[in-house]
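Novice: Have a look at this one.
The values are calculated or read from the model by the stated rules, or taken from the named source; none is laboratory data. This structure is a prediction, so every number in the text was calculated from the model and none was measured. Methodologically, a virtual Cβ is constructed for each residue, glycine included, from the backbone with ideal geometry; neighbour enumeration extends over all protein chains shown. Only protein heavy atoms, including side chains, enter the accessible area calculation; ligands, DNA and RNA are left aside. Shrake-Rupley method; radii C 1.70, N 1.55, O 1.52, S 1.80 Å.
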Amino acid sequence: MPDNIIIVWFRKDLRIRDNPALAEAAKEAKILPIYINDDEYSNDRPMGSASKVWLYNSLKSLNLSLENNLNYFKGNATDILMDLIEKKNITGVFWNRCYEPLSIERDTKIKKKLLDNKIKVKTFNGSLVREPWEILKDDDSPYKVFTPYYKRAYLNLEDIKIGKYNISQISFDTNNISSDINSLKLLSDLEWERNLTSSWEIGEKAALKKVNNFLSNGIKDYKEGRNFPSKNNVSFLSPHIHFGEISPKRIWISTKQIEQNKNTQHFLSEICWREFSYYLLYHFPNLPVENLQAKFNTFPWVNDNYLLNKWKKGETGYPIVDAGMKELYATGYMHNRVRMIVASFLVKNMLVHWHKGENYFWDCLFDADIANNSAGWQWVAGSGADAAPYFRIFNPITQGKKFDEDGSYTKKYLPELIARPTKYLFAPWETPKSILSDAGVKLGTDYPYPIVDLKNSRKKALERFAELKKIS
């Protein structure tokens, strides 16, 4: 009699430690680990270019951890699973849940079809600290404001547990019937793809090392230091969390095990902001495409591709904005403080719809997450839950002076400004001509003039946002 086999369907859980679907399947039978590049349902939209690069490298790392037993497939997940069931003695399919609306819809249909065919199905929480349906207000409605949500669901949360890991307890079905990783068609052999990962280690081991280093060093001044892009006080964990190379539960437990103070508490609250984004997406599945505050549906956004392209290329004439956009394109990442600055500039100084910024981030960020990305952009635009007030417009000059005081971050990504005195760095047009000449910089040639006037654009934005206030 052939061995019973359980399919473990990897999705956004590309790790072997603290992977409940993998652990439970290993207790019951031999496992067949698979990854499916299901274009139709991937993140509710085609995966961005940078995400494909990270995914490719993360899958290679996972395959090594699985002793080269990971099977790769490209196509419709339902068809692939049913084909495997026909060819092998599959008794069950286990997976960790995804929370995007189309993923939920697809997984519900797949579960029904499998059960109808007498195949055991088990699903698990491998991506969040708490499930989004567990937390409701007293009237059973979902929260729309972070602070009461956080206080009710996470502030005193202590009973988080993760399973123990032992690779020797896993027995694999070694009759490989899949194609190799290149069949997923994730890469296009572009130089940009090769350069993008040069400053990153990718995979579960890298994620574990990174969280340990952060909790030993970077977290010591996290609450304040995280606002300064040149300081080593951010975790850089977001891509690892997005692809499930490390779980939020493990991060939560590890953080709770060190001495608690304002820095650890603030870091945990940031983990909860991610949870809140998923919570909003679950309860408001149109979050990526619709304003949570309906009054913004009538906002007169500017449809100007020239301005948008200048923003994308980091050619706005405002150095902290341009440095952030250069960092994004070169590294697949952008510091969180700078994300807020560049987003505010796009939607409030340029009056370009937040959808345009969200779409570009989607393509360029390693951690392009449909929940975080949508919630973050709606927060900056003022159209989301618990959003920044409409009159909060980040001034890129004062933000640069305050959070990149010595200009080290800005000059790193704008080397043409290295010789510029820091006094004039964030408003280059104010630099005396003699100093510009000494620095070898010609405005309009070596570095652009501003594409919008801050004072006038702020005034225009406030006028338009004030009109919305009358509607509410």
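Novice: Enumerate the amide H contacts of HIS353 below 5 Å, restricted to partners 5 or more residues apart or on another chain; note that Pro and chain-start residues carry no placed amide H.
Specialist: Correct list: VAL302.
Novice: Please identify which residues in region 340-356 have an amide N closer than 19 Å to a label point set 7 Å out from the Cα of ASN456, following the Cα→Cβ vector.
Specialist: Answer for this model: 345-352.
Novice: Here's a follow-up. How many nm is it between the label spots at LEU443 and ASN212, if each spot is 7 Å from the Cα in line with the beta carbon?
Specialist: In this crude spin-label approximation the distance works out to 5.1 nm.
Novice: Grab the other residues whose beta carbon is less than 10 angstrom from that of ASN261, score K and R as +1, D and E as -1, and report the net.
Specialist: +2
Novice: Roughly speaking, what is the stretch gain from LEU190 to THR147, that is 0.36 nm per residue apart minus the C-alpha to C-alpha distance, in nm to one decimal?
Specialist: That pair, LEU190 and THR147, stretches by 11.1 nm at full extension.
Novice: Which order do SER168, SER344 take by accessible area at a 1.4 Å probe, largest first?
Specialist: Listed by decreasing accessible area, they come as SER168, SER344.
Novice: Still on this model: Let me test this: with uniform point scatterers at the alpha carbons of the chain, what is the Debye-based log₁₀ I(q)/I(0) at q = 0.05, 0.06, 0.07 1/Å?
Specialist: Normalising to I(0) and taking log10 leaves -0.20, -0.29, -0.40.
Novice: For the chain, what is the accessible area per residue in Å² when the probe is 1.4 Å?
Specialist: Result: 45 Å² per residue.
Novice: Same structure, new question: For region 73-169, what is the convex hull volume of its Cα atoms per residue in Å³?
Specialist: Each residue corresponds to 168 Å³ of Cα convex hull volume.
Novice: Sort THR431, THR197 from largest to smallest accessible area, using a 1.4 Å probe on the heavy atoms of the protein chains.
Specialist: Correct descending sequence by accessible area is THR197, THR431.
Novice: In this model, which of LYS402/LYS459; LYS30/LYS88; LYS120/LYS249 are farther than 19 Å apart at the alpha-carbon?
Specialist: Result: LYS402/LYS459; LYS120/LYS249 exceed 19 Å.
Novice: Heavy-atom accessible area of HIS355 with all protein chains present, probe 1.4 Å, nearest 10 Å²?
Specialist: Rounded to the nearest 10, the figure is 50 Å².
Novice: Right, next: Taking just the C-alpha trace of region 251-333, give me its Rg and Dmax in Å.
Specialist: Every Cα atom of region 251-333 included, Rg and Dmax give 18.7, 50 Å.
Novice: Equivalent-ellipsoid semi-axes (√(5λ), Cα gyration tensor) for region 321-386, whole Å, largest first?
Specialist: 17, 14, 10
Novice: Rounded to the nearest 500, what is the chain's calculated 222 nm mean residue ellipticity when only DSSP H runs of at least 4 contribute -39500 (n - 2.57) each, over all residues?
Specialist: Calculated mean residue ellipticity at 222 nm is -13500 deg cm²/dmol.
Novice: Summarise the accessible area of region 376-472 (1.4 Å probe, protein heavy atoms) by the percent that is carbon and sulfur.
Specialist: After summing per-atom areas, the C and S share lands at 53 percent.
Novice: Probe radius 1.4 Å, ligands and nucleic acids ignored: give me the carbon and sulfur share of the accessible area of region 22-117 as a rounded percent.
Specialist: That share works out to 47 percent.
Novice: What ranking, highest mean first, results for peptides 48-58, 105-115 when packing means the other Cβ atoms within 10 Å averaged over each residue?
Specialist: 48-58, 105-115
Novice: Quick one: which residues, 5+ away or cross-chain, put their amide H under 5 Å from the amide H of TYR447? H built at 1.01 Å from N.
Specialist: Under 5 Å from the amide H of TYR447: LYS442.
Novice: In nm², what is the average projected area of the convex hull enclosing the Cα atoms of region 323-454?
Specialist: Result: 8.1 nm².
Novice: A further question on this structure: Among bridges DSSP assigns within the chain, what percent are antiparallel (round to 5)?
Specialist: Antiparallel bridges make up about 5 percent of those DSSP assigns within the chain.
Novice: Starting from the Kirkwood radius over alpha-carbon pairs of region 289-339, derive D by Stokes-Einstein at 10 °C in a medium of 1.306 mPa s and give it in µm² s⁻¹.
Specialist: The calculation lands on 125 µm²/s.
Novice: Something else: Could you state how much accessible area SER238 has, in square angstrom rounded to the nearest 10, with a 1.4 Å probe and all protein chains kept in place?
Specialist: It works out to around 40 Å².
Novice: How large is the charge dipole for region 51-158, taken about the Cα centre, if only the Cβ atoms of Lys, Arg (+1) and Asp, Glu (-1) carry charge, to the nearest 20 debye?
Specialist: 260
Novice: Let me ask another. DSSP loop GluC sites (Glu not before Pro) in region 32-92 with at most 14 other Cβ atoms within 10 Å of their Cβ, which ones?
Specialist: Those satisfying the criteria are GLU40, GLU67.
Novice: Additional query: Beta carbons within 10 angstrom, averaged per residue: use that to sort the peptides 202-213, 374-385, highest first.
Specialist: Ranked by mean Cβ neighbours within 10 Å, highest first: 374-385, 202-213.
Novice: Take the eigenvalues of the Cα gyration tensor for region 232-277, scale each by 5, and report the square roots as semi-axes in whole Å, largest first.
Specialist: In descending order, the three semi-axes are 17, 12, 11 Å.
Novice: Still on this model: Take the alpha-carbon positions of region 130-277, form their convex hull, and give its projected area averaged over all directions (one quarter of the hull surface) in nm².
Specialist: 13.2
Novice: Based on the Cα atoms of region 37-95, what semi-axes does the equivalent ellipsoid have, where each is the square root of 5 times one gyration tensor eigenvalue, given in whole Å with the largest first?
Specialist: Equivalent ellipsoid semi-axes, largest first: 23, 18, 8 Å.
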